[in-house]
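**Student:** Pasting a structure below so you can have a look.
What follows is calculated from the coordinates using simple rules that are stated; it is not laboratory data. Keep in mind that what you see is a predicted model, and the values were worked out from it rather than measured. Heads up, the Cβs are rebuilt from the backbone with ideal geometry, glycines too, and the neighbour counts pull from every protein chain shown.
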Amino acid sequence: MALAFDEYGRPFIILREQEQKTRLRGLEAQKANIAAGKAVARILRTSLGPKGMDKMLQSPDGDVIITNDGATILEQMDVDNQIAKLMVELSRSQDYEIGDGTTGVVVLAGALLEQAEKLLERGIHPIRVAEGYEMASRIAVEHMEKISHKFEFSVTDTEPLVRTCSTTLSSKIVSRQKRELAAIAVNAVLAVADLERKDVNLDLIKVEGKVGGKLEDTELIHGIIVDKDMSHPQMPKQIKDAKIAILTCPFEPPKPKTKHKVDIDTVEKFQTLRHQEQKYFDDMVQKCKDVGATLVICQWGFDDEANHLLMHRNLPAVRWVGGVELELIAIATGGRIVPRFQELTPEKLGKAGLVREKSFGTTKERMLYIERCANSKAVTIFIRGGNKMMVEETKRSVHDALCVARNLIRNNSIVYGGGSAEIACSIAVEAAADRYPGVEQYAIRAFAEALDYVPMALAENSGLQPIDTLTAVKAQQIKEKNPHCGIDCNDVGTTDMREQNVFETLIGKQQQILLATQVVKMILKIDDVITPSEF
Ligand code: ADP
Ligand code: MG
């Protein structure tokens, strides 16, 4: 509260906004932060696993998104709590690095926070908790390496890759088609992969979608597709061994950049102008023909006159192709983007074995397929689906599968899923806790308990008794010394994830543990929350 005077000397009182609100410090701050983090994790918990639920999100402009992907859910949610934002960021980093496991990482972080809260209440200093978590995470990551398996795959035997990608897809809407989609993703990745260097450039895989048709119609195209059609309906619909001129200059007479005025006062003058214009078009078309182009792809439009002429001179053309697509076409066909007609030379033409226009459904929707390109390392996954939401979610799911296939090419180690790896690590961390004499051992034990939250969430989402199921599986792991026992979410009849073919990548799982620990440590170390209005 402050007393001030206006320009006439009259006193008035300034009440600061939210004067009553006190700033959070110490344990209060930590507890509030943990509560915020846990709230975010609770939202995602029900989306984990093959029986996980989907979320429907509505954007401010009314668009509806239905998704099961943790990163997408958090991205679309409008969180304005700083700590909750850290959780969003956490999911995003997992998405950047690994691509899959974005829900699991948040669930794990939430579990770690919940456990930390209990320790803080017992009077253990947050720094000790953070240190204990750090040690425990190292033990867990090492143990995960121990229980991992390497598998060999080759271009001819892609079965292990397909199986791992199917596990990723099994938690998505598209799970009824998981084998087919997994095979498409694996083939796409292998088509662009550099197996020598163990590297995959995912930019070369374009994921396109169009509403209509069935999910089963989804296909892998060795080439690219462009959402455009031939500029004139009478142009050929199919061109074999196409030589493509990729132009960023328009088919029209040049317009001077400065102000100009043309006075036409006689019929003759008009005729000359018209002839000149026609000659311009004609020269341009001739230039394209001279260098041997059989197809013109143009960034700009051209008017009916040019269009008609192109059709007449038997030079098929596509207009209004976007810059990104143009670049992709250039890369795929080995051509060069030409900014001026004068610069057009035969070497700059792109080459493709087949260019065809395909129409869909009963509408006038057509797309251009450019296949058998000179540079075969560009593929497109073309997704079909009943509605926009389905197509979009399929795109995201396929992205997850592509990332998993790429990760396996980089590092072909896998662990078994269904929470089995987490349970195995939990047992290992629990056992290691006894070796630490200090207060950290409480934090290490808490970490082990937090790891159990993932299988518990899987069990709960599948309609099983979480604690009963977890204890049974854990006992089985210890008794049979088998780290592959997990939660039988689909009621197959066995808990052995090896038999169920539920695989996950080692680096993905390790990254989950590392990232979750990092964020939780960061949250625990905050003991004062200062927002601008409270200075
Ligand atoms: P994320 O976004 O973290 O990848 P998902 O919803 O894809 O979340 O769920 C992944 C979890 O589901 C993993 O722990 C994985 O092991 C488990 N999972 C996937 N398929 C199965 C299955 N058929 N049986 C049991 N667990 C499965
Ligand atoms: Mg997944």
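**Student:** Mind giving me the nanometre distance, one decimal, between the label points for Q518 and N490, set 7 Å out from Cα along Cα→Cβ?
**Tutor:** 3.3 nm
**Student:** Moving on. Given the DSSP H assignment, sum -39500 (n - 2.57) over each helix run of at least 4 residues in the chain and divide by its residue total; what's the result at 222 nm in deg cm²/dmol, nearest 500? Intermediate values should be presented prior to the final figure.
**Tutor:** Values: 17 runs with 252 residues, N = 535.
Mean residue ellipticity, 222 nm, calculated: -15500 deg cm²/dmol.
**Student:** Relative contact order for region 25-144 using alpha-carbon pairs under 8 Å, separation at least 6, rounded to a whole percent?
**Tutor:** Working: 102 pairs, mean separation 32.2, N = 120.
With pairs under 8 Å counted, the relative contact order is 27 percent.
**Student:** For E134, what charge total do you get from the other residues with a beta carbon under 14 Å from its beta carbon, if Lys and Arg give +1 and Asp and Glu give -1?
**Tutor:** +1
**Student:** Give the residue from L44, Q76, G26 lying farthest towards the positive end of the charge dipole for region 17-85; charges sit on Cβ (+1 for Lys and Arg, -1 for Asp and Glu) and the dipole is referred to the Cα centre.
**Tutor:** Farthest along the dipole direction, towards plus: G26.
**Student:** If you line up the long axis of helix 126-147 against the longest principal axis of the chain, both from Cα atoms, how many degrees apart are they, to the nearest 10?
**Tutor:** Between helix and principal axis, roughly 70 degrees.
**Student:** For the chain, taking Cα atoms only, what is the radius of gyration to one decimal and the Dmax to the nearest whole Å?
**Tutor:** Rg, Dmax (Cα atoms, Å): 30.6, 104.
**Student:** Roughly how many whole Å is it from the C-alpha centroid of region 110-187 to that of region 386-416?
**Tutor:** 14 Å
**Student:** Mind checking which of N411, A193, A317 is farthest towards the positive end of the chain's charge dipole, using Cβ charges of +1 (Lys, Arg) and -1 (Asp, Glu) about the Cα centre?
**Tutor:** So the residue furthest toward the plus end is A317.
**Student:** Follow-up. Starting from one equal scatterer on each C-alpha and no solvent at all, send me the Debye-based log10 I(q)/I(0) for region 261-377 at q = 0.20 Å⁻¹, two decimals.
**Tutor:** Per q value, in the given order, log10 I(q)/I(0) is -1.19.
**Student:** How high is the relative contact order of region 241-381, given as a whole-number percent (alpha carbon pairs under 8 Å, six or more residues apart)? Could the numbers behind the result be given before it?
**Tutor:** Numbers: 223 pairs, mean separation 44.2, N = 141.
For region 241-381, the relative contact order is 31 percent.
**Student:** Could you tell me the relative contact order of the chain? Use alpha-carbon pairs under 8 Å, at least six residues apart, and round to a whole percent.
**Tutor:** With pairs under 8 Å counted, the relative contact order is 25 percent.
**Student:** Moving on. Per residue, how much space in cubic angstrom lies within the convex hull of the C-alpha atoms of region 167-217? Please report the intermediate quantities before stating the final value.
**Tutor:** Numbers: hull volume 4.8 nm³, N = 51.
About 95 Å³ per residue, rounded to a whole number.
**Student:** To continue, here is another question. Taking the Cβ-Cβ separation of S175 and I127 as r and a Förster radius of 51 Å, what is the calculated FRET efficiency to the nearest 0.05? Write down the numbers at each step before the final one.
**Tutor:** Values: r = 44 Å, r/R0 = 0.86.
Once the sixth-power term is evaluated, E becomes 0.70.
**Student:** Still on this structure, please answer the following. Around D304, with a cut-off of 12 angstrom between Cβ atoms, what is the net charge of the other residues, counting Lys and Arg +1 and Asp and Glu -1? Show your work: numbers first, answer last.
**Tutor:** Working: positive: R319; negative: E252, D303, E305.
Combined, the nearby Lys, Arg, Asp and Glu give -2.
**Student:** Compute the acute angle (0 to 90°) between the alpha-carbon long axis of helix 388-410 and the principal axis of greatest extent of the alpha-carbon atoms of the chain; round to the nearest 10°.
**Tutor:** Roughly 70 degrees between the two axes.
**Student:** Rule-of-thumb check for region 1-136: C-alpha Rg over 2.2 N^0.38 Å?
**Tutor:** Numbers: Rg = 20.9 Å, N = 136, 2.2 N^0.38 = 14.2 Å.
Its radius of gyration relative to the 2.2 N^0.38 Å reference: 1.47.
**Student:** What do the square roots of 5 times the Cα gyration tensor eigenvalues come to for region 464-535, in whole Å, largest first, as semi-axes of the equivalent ellipsoid? Please report the intermediate quantities before stating the final value.
**Tutor:** Numbers: eigenvalues 297, 47, 30 Å².
Those come to 39, 15, 12 Å.
**Student:** Using Cβ counts within 10 Å as a stand-in for footprinting exposure, how do S170, S359 rank, fewest first?
**Tutor:** Values: S170 21, S359 12.
Arranged by neighbour count, lowest to highest, S170, S359 become S359, S170.
**Student:** In region 49-98, if every C-alpha pair distance is counted and binned at 10 Å from zero, what percent goes to each bin?
**Tutor:** 24, 47, 27, 1
**Student:** Take every DSSP beta bridge whose two residues both sit in the chain, then give the antiparallel share in percent to the nearest 5. Show your work: numbers first, answer last.
**Tutor:** Working: 38 of 53 bridges.
Of the beta bridges lying entirely in the chain, close to 70 percent run antiparallel.
**Student:** Another one. Write out the trypsin sites (Lys or Arg not before Pro) in region 479-520 meeting two conditions: DSSP loop, and at most 16 other Cβ atoms within 10 Å of their Cβ.
**Tutor:** Details: sites: K479, K481, R498, K509; in loops: K481.
The qualifying sites are K481.
**Student:** Here's something else I'd like to know. Could the peptides 54-66, 183-195 be put in order, highest first, of the mean number of other beta-carbon atoms found within 10 Å of their residues? Walk me through the numbers on the way to the answer.
**Tutor:** On the way: 54-66: 12.3, 183-195: 20.5.
Top to bottom by mean Cβ count within 10 Å: 183-195, 54-66.
**Student:** With axes computed from alpha carbons, what is the tilt in degrees of helix 323-333 against the longest principal axis of the chain, rounded to the nearest 10 within 0 to 90?
**Tutor:** The answer is roughly 80 degrees.
**Student:** Then there's this: May I ask you to work out the translational diffusion coefficient for region 330-473 at 20 °C, viscosity 1.002 mPa s, via Stokes-Einstein with Rh from the Kirkwood sum over Cα pairs, reported in whole µm²/s? Before the final figure, lay out each step's value.
**Tutor:** Working: Rh = 21.2 Å.
Approximately 101 µm²/s, per Stokes-Einstein.
**Student:** Let me test this: with uniform point scatterers at the alpha carbons of region 274-315, what is the Debye-based log₁₀ I(q)/I(0) at q = 0.17, 0.32, 0.33 1/Å?
**Tutor:** -0.43, -1.32, -1.35
**Student:** While we're on this one: Compute, for the chain, the length of the dipole vector about the Cα centre, with Cβ point charges of +1 (Lys, Arg) and -1 (Asp, Glu) only. Units Debye, rounded to 20. Provide the component values of the computation, followed by the final result.
**Tutor:** Values: 69 positive and 76 negative charges, 200 e Å.
It comes to approximately 960 debye.
**Student:** A further question follows. May I ask for log10 I(q)/I(0) of region 226-304 at q = 0.20, 0.22, 0.24 Å⁻¹, from a Debye sum over the Cα atoms as equal point scatterers with solvent left out?
**Tutor:** Results for region 226-304 at q = 0.20, 0.22, 0.24 Å⁻¹ read -1.04, -1.17, -1.31.
**Student:** Along region 27-41, what does the Karplus equation 6.51 cos²θ - 1.76 cosθ + 1.60 (θ = phi - 60°) give for ³J(HN,Hα), rounded to whole Hz, x for Gly and Pro?
**Tutor:** 4, 4, 4, 4, 5, 5, 5, 4, 4, 5, x, 5, 4, 5, 4
**Student:** With unit charges on the beta carbon (Lys/Arg positive, Asp/Glu negative), name the residue among V379, V502, T266 whose Cα is farthest towards the positive pole of the charge dipole of the chain.
**Tutor:** Positive-most Cα among the choices belongs to T266.
**Student:** When only DSSP loop residues count, what GluC sites (Glu not before Pro) in region 152-247 have their Cβ near at most 14 other Cβ atoms within 10 Å? Write out the running numbers ahead of the final one.
**Tutor:** Values: sites: E152, E180, E196, E208, E216, E219; in loops: E152, E196.
Taking region 152-247 and a limit of 14 other Cβ atoms within 10 Å, the loop GluC sites (Glu not before Pro) found are E152, E196.
**Student:** Here is a further query. Based on alpha-carbon centroids, what's the gap between region 451-473 and region 308-380 in Å, whole number please?
**Tutor:** Going from one Cα centre to the other spans 54 Å.
**Student:** Oh, and also: What is the Cα radius of gyration of region 71-111 over 2.2 N^0.38 Å, N being its residue count?
**Tutor:** Working it through for region 71-111, the quotient is 1.05.
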